[in-house]
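Just so you know, all these numbers are worked out from the coordinates, no wet-lab data involved. All values reported here derive from a predicted model rather than from experimental measurement. Cβ coordinates were reconstructed from backbone atoms using ideal geometry, including for glycine residues, and neighbour counts include every protein chain displayed.
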């Protein structure tokens, strides 16, 4: 077998990532109730989208930053939980660059920058559908005990 090949009955890393995302999504009432959509997931990466609703707009008629942060945090959660090892946010920061407005579809693209031992570093860019950058988010994660999938080969 060559590097990257899988033996019969074994799943590849992409399949494991998708199964982990499905397991997390099933219990993620916060993301689902905000109308988020999981667009794609692969090892160390995820794309999550959300449309700004009337209830997400603040007194300045723009999307409240907490909702944008939550979208970015959810994208990081899916990206950091792709290897059947549960990871939680440890520290996050966000820089808001442009406002999201009522009706905007926001897309958060999370990418793993470093995974060393139990510590991960992720960058998330939040854009509007037209490509305008709304925010840049950086998050640190910590892998905790346990597994997401009881038997990833099942």
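For the chain, the longest principal axis of the alpha carbon atoms and the long axis of helix 65-80 meet at an angle near 10°.
The fewest-to-most ranking of 97, 38 by surrounding Cβ atoms within 10 Å reads 97, 38.
Using the rule -39500 (n - 2.57) for each DSSP H run of four or more residues, divided by the residues of the chain, the 222 nm mean residue ellipticity is -7500 deg cm²/dmol. Please report the spacing between the Cα centers of the range 6-57 and the range 112-154 in Å, no decimals. One Cα centre to the other: 11 Å.
Taking other Cβ within 10 Å of each residue's Cβ, how do 63, 92 sort, fewest first?
In order of increasing Cβ crowding within 10 Å: 92, 63.
Residues 11, 76, ranked from the fewest to the most other C-beta atoms within 10 Å, line up as 11, 76.
How tilted is helix 13-27 with respect to the longest principal axis of the chain? Cα atoms for both, answer in degrees (0 to 90, nearest 10). With rounding to tens, the tilt is 50 degrees. With viscosity 0.890 mPa s and temperature 25 °C, the Kirkwood radius over alpha carbon pairs of the range 13-143 converts through Stokes-Einstein to a diffusion coefficient of 169 µm²/s.
Any chance you could run the full-extension gain for residue 55 through residue 95? It's 0.36 nm times the residue separation minus the Cα-Cα distance, nm to one decimal. Don't skip to the answer; put the middle values down first.
On the way: separation 40, 0.36 × 40 = 14.40 nm, distance 2.21 nm.
Stretched out fully, the residue 55 to residue 95 stretch lengthens by 12.2 nm.
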